[in-house]
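All remarks here apply to the structure that follows.
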Amino acid sequence: MKVLLATEKPFAAKAVDGIREIIENAGHELIPLEKYTQKSELIEAVAEVDAMIVRSDKVTADVIDAARNLKIVVRAGAGYDNIDLARCTERGIVVMNTPGQNSNAVAELAISMMIYMSRNLFKPGTGCEISGRHLGIIGFGNIGELIAKKAVGLGMEVLVYTNEVKERHKRWNTTFSKDKLYSTCDFVSINIPATPMTKKSVNYDHIAQMPYGACLVNTARKELIDEEGLIKALEERPDLKYVTDIAPERYEEMKEKFGDRVFATPKKMGAETAEANINAGLAAAHQIVEYFELGSTRFQVNK
Ligand code: 3PG
């Protein structure tokens, strides 16, 4: 089988070596397409392949339709909002993700972002400490839980939003009330997937009720934030801050208006560690081999 590794944002070399080894040892061929810049390159590369490994690469209907032999797409990572699931399902193409494999990298980034904002973006001046501060977590999956554990180690008080107390929530302070979480937490970390239900679910009413000096932390997706509402809250409240791993649509304008109260990484870097690349990349390769050898559909997201 031909397996395309299509990564506009490439994996660490070690991860690519590991992926190649797994694919080739199973008798398949690996076709790398790294750092491509044009969609046409992807469309051309998918023509003959049976499987694809991608990161945030956009697997849209035209890409899927150009891939005549495609049987499986594995998103090496957590969020699969970059893949047209409906089109894949129509074509009978299996889509999987690799849950948990890059979570630690994202959790470490979220923690570092809180410190970065508390220390004035490492510019001279008096900042504050995160120890003793309240951290609210929206989205208690693999990433949310890891952030919570690390935050406790740093002396933070953690409050988790959930609408159902499951086993994994039991050792944590939980609340069913988003209002309670936003109004009492100095930091709120967003760790939910982008779905039609969650898009723009972080809105003005939430942000505007955060305590004095609070900071919203987004390592998930920009679509989760109602940008108009965020801007309005930042305009009205000169003490509020926003830090994100995905630049907002109106980032330049926001930087001009709000200066160091707003910071976005230049390119999404939550999963940009060698460890995360290796974990997610190798998991994706194994999942493809197991699918072809055993028909295993564990981690399929379009069942
Ligand atoms: C994910 O959903 O796994 C993260 O957002 C990482 O995305 P990336 O592979 O594009 O860095």
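As for segment 161-177, it holds at least one residue that is touching a Gly at 6+ places or on another chain (Cβ under 8 Å) and at pLDDT 95 or above. Scanning for something outside any loop (DSSP other than H, G, I, E, B) and without any contact (Cβ under 8 Å) to a residue 40 or more places away in the chain, does segment 267-282 turn up at least one residue? No, there is no match, as no residue in segment 267-282 is outside any loop (DSSP other than H, G, I, E, B) and without any contact (Cβ under 8 Å) to a residue 40 or more places away in the chain. Note on segment 217-235: among residues that are closer than 19 Å to GLU253 by Cβ and within 16 Å of the ligand (Cβ to nearest atom), the one that is surrounded by the most Cβ atoms within 10 Å (Cβ to Cβ) is ILE225. Just wondering, is there one or more residues in segment 120-130 that are open to solvent by less than 70 Å² (accessible area, probe 1.4 Å) and within 21 Å of the chain's Cα centre (by Cα)? Taking every residue of segment 120-130 in turn, none turns out to be open to solvent by less than 70 Å² (accessible area, probe 1.4 Å) and within 21 Å of the chain's Cα centre (by Cα).
Among residues of segment 85-105 that are modelled with pLDDT under 95, none has a beta-carbon under 6 Å from a residue that is within 16 Å of the ligand (Cβ to nearest atom) and not in a loop (DSSP other than H, G, I, E, B) at least six positions away or on a different chain.
Would segment 286-298 turn up any residue that is in a helix (DSSP H, G or I), of a type outside the set (Val, Ile, Thr), closer than 22 Å to ALA15 by Cα and in contact with a His (Cβ under 9 Å, 6 or more places away or on another chain)? Yes; the residues of segment 286-298 include at least one that is in a helix (DSSP H, G or I), of a type outside the set (Val, Ile, Thr), closer than 22 Å to ALA15 by Cα and in contact with a His (Cβ under 9 Å, 6 or more places away or on another chain). Checking the structure you have, find out if any residue of segment 169-182 is within 16 Å of the ligand (Cβ to nearest atom), open to solvent by 30 Å² or more (accessible area, probe 1.4 Å) and not assigned by TED's automatic domain parsing to the domain that holds GLY79. No, segment 169-182 contains no residue that is within 16 Å of the ligand (Cβ to nearest atom), open to solvent by 30 Å² or more (accessible area, probe 1.4 Å) and not assigned by TED's automatic domain parsing to the domain that holds GLY79. Residue pairs whose Cβ atoms lie under 7 Å apart, sitting 6 or more positions apart in sequence or on different chains, and linking a residue in segment 202-228 that is under 24 Å from GLY127 (Cβ atoms) to a partner that is open to solvent by less than 10 Å² (accessible area, probe 1.4 Å) and of a type in the set (D, E, K, R), are ASN218/ASP245; THR219/ASP245.
Considering segment 198-216, and only residues there that are in contact with a Phe, Trp or Tyr (Cβ under 6 Å, 6 or more places away or on another chain) and under 25 Å from GLY79 (Cα atoms), the residue that is nearest to the ligand (Cβ to nearest atom) turns out to be LEU216. Determine, yes or no, whether TYR291 is without any contact (Cβ under 8 Å) to a residue 60 or more places away in the chain and either surrounded by 15 or more Cβ atoms within 10 Å (Cβ to Cβ) or outside the structural domain of ALA26 (by TED's automatic domain parsing) (or both). Considered against the rule, which asks whether it is without any contact (Cβ under 8 Å) to a residue 60 or more places away in the chain and either surrounded by 15 or more Cβ atoms within 10 Å (Cβ to Cβ) or outside the structural domain of ALA26 (by TED's automatic domain parsing) (or both), TYR291 comes out as no.
Selection of segment 195-216 for residues being among the hydroxyl-bearing types (Ser, Thr, Tyr) and open to solvent by 50 Å² or more (accessible area, probe 1.4 Å) yields TYR204, TYR212. For segment 26-47, the set of residues classified as among the acidic types (Asp, Glu) and under 26 Å from the mean Cα position of the chain (by Cα) consists of GLU34, GLU41, listed by residue number. Scan segment 45-53 and give yes if some residue there is buried (at least 18 other Cβ atoms within 10 Å of the Cβ) and farther than 20 Å from ASN97 by Cα, otherwise no. So far as segment 45-53 goes, yes, one or more of its residues are buried (at least 18 other Cβ atoms within 10 Å of the Cβ) and farther than 20 Å from ASN97 by Cα. If the condition is being out of contact with any Ser or Thr (no Cβ under 9 Å at 6 or more places or on another chain), closer than 21 Å to ASP81 by Cα and either aliphatic (A, V, I, L, M) or not assigned by TED's automatic domain parsing to the domain that holds THR89 (or both), then segment 24-44 contributes LEU42, ILE43. Among the residues making up segment 236-271, a single one is crowded, with 19+ Cβ neighbours inside 10 Å and farther than 22 Å from LYS200 by Cα: ALA271. Could you go through segment 153-163 and let me know if any residue there is β-branched (Val, Ile, Thr), surrounded by 15 or more Cβ atoms within 10 Å (Cβ to Cβ) and more than 23 Å from ASN102 (Cα to Cα). No, segment 153-163 contains no residue that is β-branched (Val, Ile, Thr), surrounded by 15 or more Cβ atoms within 10 Å (Cβ to Cβ) and more than 23 Å from ASN102 (Cα to Cα). Among residues belonging to segment 75-109 that are within 12 Å of the ligand (Cβ to nearest atom) and of a type in the set (A, V, I, L, M), point out the one that is surrounded by the most Cβ atoms within 10 Å (Cβ to Cβ). Only one residue tops the list, namely ALA76.
The values are calculated or read from the model by the stated rules, or taken from the named source; none is laboratory data. Note that this is a predicted model, so its numbers are computed, not measured. Because the Cβ atoms are built from the backbone with ideal geometry, glycine has one as well, and the counts that use them run over all protein chains shown. Just so you know, the surface numbers come from the protein's heavy atoms only, side chains and all, with ligands and any DNA or RNA stripped out. Shrake-Rupley method; radii C 1.70, N 1.55, O 1.52, S 1.80 Å.
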